[in-house]
Amino acid sequence: MEESFVAINAQPTKEIFTSRWQAPSNIALIKYWGKTAPQLPKNASLSFTLSNAVTLTEVVFMPLDKPTNKVFFSIVFEGEEKPSFRPKLEAFFANILLYQPFLAYYQLKITSQNTFPHSSGIASSASSMAALAACLVDLESQLTILSENEKINKISFLARLGSGSACRSAQGPVMAWGSHPKLADASDLLAVAVNDIHSVFKDFCDAILLIDKGQKQVSSTLGHKLMHQHPYADQRFAQANTHLAELLPILQQGDLDGFISIVEKEALHLHAMMMTSDPYFILMQPNTLSVINKIWSFRKETGIPVCFTLDAGANVHVLYPNNVAEEVNHFIEVELLQFCQNRQCVHDRVGSGIKKY
Ligand code: PMV
């Protein structure tokens, strides 16, 4: 337990408090895959915070007469009660209560929606946990004094306990999570902004191609677990940290060739871990590979610095600088949408993190 994150001075009041926050999804360039309890990463990771793929969450905190020993909540997602969301949220609140003991004095009414299609494979756990954490810290800041820095760190800290990668959605445009020798203030407990970034990366575009919106065969929870007995785990963790060290000067200098090389290697190494675990699995679909090959041919023919990355799924994130957006969007339209389910694609770009709405 991290004593410094316990809200010891926050005194509950008898007033109803409503909080509304939106939080974006994020896309990892250096991938987190493998963890130890409680949600501590085995290697450092780095991501672009997105801008359009967001979760909007409202929490109404209703005071109770007597404190309870667990957090009472209701959850409505996109207009429907969601019993299937309860186990994850119950586990989350059981952890959070240690850090926000005042929650025992409230009943929470949570209402949430995404701006992107649900079950599209876009990581909604990152945006939803970050938005919920922002609402929880909003209440905490009503009950005790917190500086802006303390607030943002607490949001990232709580979001991490909900879903590891969610801690990287609190701020932007580039976030790092996990201790690393090249990042003095980086921590396993929460994500920090990486500030020395070339302007080309500050409005980078990410077109998310929805290749397969079906249920994933393997959850990321199981995927992380399979790294425990994985024959290449130690090499992978060391390699991710090396890639992060190599990426930092590339991000500073705006070196697009260097960026492409590291980002594509990371995506393929993440999937190589899945393919070489026991049990093994493949999350890419034939259309994922078709898109990758098209991107490689287009880049070779035109010299336009467009590349791809992958999450733990079949969808492809197409990454490119804003100054070639017109050419790349035309390429996506003509050559790539044919590989997407119902030609669906979410056009996004790098963004700045959580916002009140
Ligand atoms: O945050 P989780 O437990 O859903 O894991 C996310 C893992 C990846 O998306 C594959 C990589 C990452 O760093 O976001």
Considering region 275-316, residues that are in a helix (DSSP H, G or I) and small (Gly, Ala, Ser), and then whichever is most open to solvent (accessible area, probe 1.4 Å), we arrive at Ser297
Output for region 211-233, where each listed residue is touching a helix residue (DSSP H, G or I) at 6+ places or on another chain (Cβ under 6 Å) and within 16 Å of the ligand (Cβ to nearest atom):
Ile211, Met227
Report yes if some residue within region 16-37 is more than 13 Å from the ligand (Cβ to nearest atom), more than 30 Å from Met273 (Cβ to Cβ), open to solvent by 70 Å² or more (accessible area, probe 1.4 Å) and assigned to a loop (DSSP other than H, G, I, E, B); otherwise report no.
yes
Restricting to region 42-66, what's the tally of residues that are surrounded by fewer than 23 Cβ atoms within 10 Å (Cβ to Cβ) and within 13 Å of the ligand (Cβ to nearest atom)?
1
Mind listing whichever residues of region 214-253 are over 19 Å from Trp177 (Cβ atoms) and touching a Lys or Arg at 6+ places or on another chain (Cβ under 8 Å)?
His230
Single match in Val328, Val324 (criterion: modelled with pLDDT of 95 or more, hydrophobic (A, V, I, L, M, F, W, C) and crowded, with 20+ Cβ neighbours inside 10 Å):
Val328
Single residue of Ser141, Ser165, Ser147 found to be crowded, with 22+ Cβ neighbours inside 10 Å, of a type in the set (Ser, Thr, Tyr) and either touching a helix residue (DSSP H, G or I) at 6+ places or on another chain (Cβ under 6 Å) or free of Cβ contacts under 8 Å to residues at least 12 places away in the same chain (or both)
Ser165
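The values are calculated or read from the model by the stated rules, or taken from the named source; none is laboratory data. Treat the numbers as computed from the prediction; the structure is a model and nothing was measured. No Cβ is skipped: glycine too gets one built from the backbone with ideal geometry, and neighbour counts run over all protein chains shown. SASA here: full protein model, heavy atoms, side chains in, ligands and nucleic acids out. Shrake-Rupley method; radii C 1.70, N 1.55, O 1.52, S 1.80 Å.
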